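The values are calculated or read from the model by the stated rules, or taken from the named source; none is laboratory data. These figures come from a predicted structure and were not determined experimentally. Accessible surface areas use protein heavy atoms only, side chains included; no ligands, DNA or RNA. Shrake-Rupley method; radii C 1.70, N 1.55, O 1.52, S 1.80 Å.
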Amino acid sequence: ADVLAGWNAMLGAPIADTVALVDQLRGRLPLHVLSNTNAAHVAAIRAAHPGLLERFDVLHVSHELGWRKPHRRAF
């Protein structure tokens, strides 16, 4: 539990200007996320910031893709 808490402590708060921009673009452009992350971080983000990830049409996360940025297959 301590390791997980420390691991998730590196996650910062959403950047308000970025969230506002994403909200402005919703419905006008397809919105995708490509992140070098893992299931623990995704769960922590969902718990700490409900609705944040749901703003995007698709989440591409390295632990599901099997590739991390900058590997070309991640893209």
Most fluctuating of 53, 21, 34 in the GNM of the chain (C-alpha, under 10 Å) is 21
Hey, what's the Cα Rg ratio for the chain versus the globular rule of thumb, 2.2 N^0.38 Å?
-> 1.18
Per residue, how much accessible area does the chain show when a 1.4 Å probe rolls over the protein heavy atoms, in square angstrom?
-> 73
Determine the gain in length on full extension of the stretch residue 18-residue 47; use 0.36 nm per residue of separation and subtract their C-alpha separation, reporting nm with one decimal.
-> 8.5 nm
Using the Karplus curve 6.51 cos²θ - 1.76 cosθ + 1.60 with θ = phi - 60°, work out ³J(HN,Hα) for each residue of region 44-57 in order, rounded to whole Hz, and write x for Gly and Pro.
-> 5, 5, 4, 6, 7, 9, x, x, 5, 5, 6, 5, 9, 6
Of all accessible surface on the chain at a 1.4 Å probe, what whole percent is carbon and sulfur?
-> 59
Length-normalised contact order of the chain in % [C-alpha pairs under 8 Å, at least 6 apart] = 30
Anyone know which of 28, 55, 46 comes out most mobile in the 10 Å Cα GNM of the chain?
-> 28
Summing -39500 (n - 2.57) over the DSSP H runs of n ≥ 4 in the chain and dividing by its residue number, what mean residue ellipticity at 222 nm do you reach, to the nearest 500 deg cm²/dmol?
-> -11500 deg cm²/dmol
